[in-house]
1. If amide H atoms are built 1.01 Å from N in the plane of the peptide, which residues on other chains or at least 5 residues away come under 5 Å of the amide H of Val41?
2. Around Leu165, under 11 Å between beta carbons, what's the net of Lys plus Arg minus Asp minus Glu among the other residues?
3. Alpha carbon centre of the range 39-68 versus the range 174-201: separation in Å?
4. Only counting other Cβ atoms within 10 Å, I'd like Arg50, Arg69, Arg82 sorted with the fewest neighbours first.
5. Among Pro71, Pro155, Pro84, whose mean-square fluctuation peaks in a Gaussian network model of the chain (Cα, cutoff 10 Å)?
6. Please list 3J(HN,Hα) in residue order for the range 84-96, calculated via the Karplus relation 6.51 cos²θ - 1.76 cosθ + 1.60 where θ = phi - 60°; whole Hz, with x for glycine and proline.
7. Can you give the angle from 0 to 90° between the axis of helix 50-67 and the longest principal axis of the chain, with both taken from C-alpha atoms, to the nearest 10?
8. For His154, His19, what's the fewest-to-most ordering of other Cβ within 10 Å of each Cβ?
Amino acid sequence: MEKDDLKDRVEEPASAYGHYTYADYLTWQMDEMVELIKGKVFKQAAAPRRIHQDVSGKIFNMLYNFLERQPCKIYAAPFDVRLPVKSKKHEDIDTVVQPDICVVCDPDKLDELGCIGAPDLVVEILSPGNNKKELQNKYEVYEESGVKEYWVIHPNECTLLIYTLVNEKYIASRLFTIGDIVKSNAVAGFELDLTEVFENLQH
C-alpha cells in the first residue's frame, strides 16, 4: 500500500476498505508512525508535543534505572507490540500498537520485530487528538490481551490514572497528581514520584 492510498484509509471503519493485518502492516511504506487496532488503521497526526516528550523521557529514565539489573526490559515508541488473538501468524494479527513506554518481563515475548503478546506495563501519554484512541480503543485491546497495568498520563493536567487488571477486567485507581507517589503492581518495587515527573514543565 502506498502512502497516498493509506492516507484515505486512516481512521475509517475496517469494513469500508477491508480488514488489515500485521502482514499488511509490514508491507506499508510510511514516513509517519501508524498503529493497527482490530484491523483499523490509526495514524499519528503530528509529532508529540514537547511536554509529552519531557514526561515520557522522565518516566522512561526512572523505569530504565530501576530495571537495569532486572530481567524485565523497557522500550519506548516506536516499538511494535503485536497483540494476537487467534494465533501468532502475521496474517492473523490485526492489532499492532506502539505504546509510549512498555515493560516486558517475559523474554519469550520478545523477538527481532518487537513484542508479541501483552507487556506487563504500558504507559500512554495523552496528546491533543489522541484521547479517544488511548482511552477507548487502546483500553479495550490492552484489557482483552491481558496487559497487567495500563497507565494513562495527562501531561497538561499533571494527572495519572492507573488501570489494574483484576479477573480479566480493568479496575481504575483514583486520579493521582503532584504530591502523590504511586506504586506499580506489575513492576514490583517500582515507585513513581509525580512531583518529580511534573515539576518544571512548560505548558
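1. Correct list: Glu11, Glu12.
2. Overall, the nearby charge balance is -3.
3. 16
4. With the fewest neighbours first, Arg50, Arg69, Arg82 line up as Arg69, Arg50, Arg82.
5. Looking only at Pro71, Pro155, Pro84, the largest GNM fluctuation is found for Pro71.
6. Here the 3J(HN,Hα) series is x, 10, 7, 7, 8, 5, 3, 6, 9, 8, 10, 10, 9 Hz.
7. 70
8. His19, His154
Read-outs throughout are calculated quantities, based only on the coordinates presented, and are distinct from any laboratory measurement. Just so you know, these numbers come straight off a predicted model, no measurement behind them. Heads up, the Cβs are rebuilt from the backbone with ideal geometry, glycines too, and the neighbour counts pull from every protein chain shown.
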